[in-house]
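Here the structure is laid out as structure tokens; the discussion comes afterwards.
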Amino acid sequence: MTNTADSTNDRKGVFITFEGPECAGKTTQIALLKRRCDELGRKTLVTREPGGTEIGEALRNIVKHHVGDTAVTDHAELLLFSASRAQHVEKRIIPALEAGYVVICDRFIDSTTAYQGYGRGLDLEFIKTLNAFAVRGCVPDITILLDLSAEESHERGQKREETLFVEDRIESEEIDFHRRVRDGFMKLAELDSERVKVVSAVNSVEKIELEIFRYVAPLIG
Ligand code: T5A
């Protein structure tokens, strides 16, 4: 283990994560929040999971796009997301937080709990332990959960596919899987309401942006 922080104590920056079902608008809202941070003169790192490092991006390709015979198993999938996260936290997130950056991450530990835990049905206690092992105390200061029904998420995905189609293994899961994921996210928000703020993703982009900024402003202002 290196001497990077194992806790949030040395943190000078702010760690913000975005969560929610596919097509909830995370990428859209992260870009808008980044613009607000720029206007406020804050140094900002926008990053994502799986991904964020060279190794993480390679794992992203495996978990998202290997289908059929080469698709990962449920257990391997959980470990690959966690491996991507461990690399990401140590190599990028902790150094940026120590340097005073606002770190905005598209998906983090809650996605693993929602998708692999509630969605796939893997052991939630084990996932909690694995998440803690991967992040080593580096938990978000605030998490914005963009809430969208499985049906609405699917509909937005269909619209997007009309212009850009790339086969995505997890996105193509059956609707019940996505319903369990959404319920899982909502349970997480209930259990950790201090950190996880639920924002309805069905409103206009502008309205959602304002609601998010109201939550985040006290941390970055
Ligand atoms: N995963 C990830 C796990 O299973 N476990 C894990 O631990 C982790 C970390 C990641 C996949 O990996 C899984 C979850 C995912 O399946 P991804 O490509 O990063 O894959 O997928 P998403 O994070 O879901 O990204 P998307 O691009 O699909 O969705 P976004 O970023 O939420 O949405 P966005 O902003 O790209 O917008 C999607 C569409 O909706 C429209 C946009 O114009 C766009 O067309 N839109 C709106 N439409 C109406 N009203 C609004 N308010 C809108 N906002 C955006």
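The values are calculated or read from the model by the stated rules, or taken from the named source; none is laboratory data. Owing to the predicted nature of the structure, the values given are computational and were not obtained by experimental measurement. Positions of Cβ are backbone-derived with ideal geometry, glycine not excepted, and every protein chain shown enters the neighbour counts. The protein model used for the area step is the full one, side chains on, heavy atoms only, and it has no ligands, DNA or RNA in it. Shrake-Rupley method; radii C 1.70, N 1.55, O 1.52, S 1.80 Å.
Going residue by residue through the range 185-206, is there one that turns out to be over 29 Å from GLY100 (Cα atoms), in contact (Cβ under 8 Å) with a residue 40 or more places away in the chain and among the basic types (Lys, Arg)?
Yes - at least one qualifying residue is present in the range 185-206.
Which of (1) open to solvent by less than 70 Å² (accessible area, probe 1.4 Å); (2) without any contact (Cβ under 8 Å) to a residue 40 or more places away in the chain; (3) closer than 23 Å to GLU209 by Cα is the odd one out, the single condition LEU33 does not satisfy?
(2)
Here are some conditions: (1) crowded, with 17+ Cβ neighbours inside 10 Å; (2) more than 26 Å from LEU219 (Cβ to Cβ); (3) away from the ligand (no atom under 13 Å from the Cβ); (4) among the hydrophobic types (A, V, I, L, M, F, W, C). ILE55 meets all but one. Which one does it not meet?
Of everything listed in (1) crowded, with 17+ Cβ neighbours inside 10 Å; (2) more than 26 Å from LEU219 (Cβ to Cβ); (3) away from the ligand (no atom under 13 Å from the Cβ); (4) among the hydrophobic types (A, V, I, L, M, F, W, C), ILE55 misses just condition (1).
With LEU145, LEU59, LEU97 as the choices, which residue is under 27 Å from VAL14 (Cα atoms), modelled with pLDDT of 95 or more, touching a Leu at 6+ places or on another chain (Cβ under 6 Å) and not charged (D, E, K, R)?
LEU59 is the lone residue from the list that is under 27 Å from VAL14 (Cα atoms), modelled with pLDDT of 95 or more, touching a Leu at 6+ places or on another chain (Cβ under 6 Å) and not charged (D, E, K, R).
With the checklist (1) of a type in the set (A, V, I, L, M, F, W, C); (2) within 15 Å of the ligand (Cβ to nearest atom); (3) in contact (Cβ under 8 Å) with a residue 24 or more places away in the chain in hand, flag the one item VAL216 doesn't pass.
(2) is the only condition that VAL216 fails.
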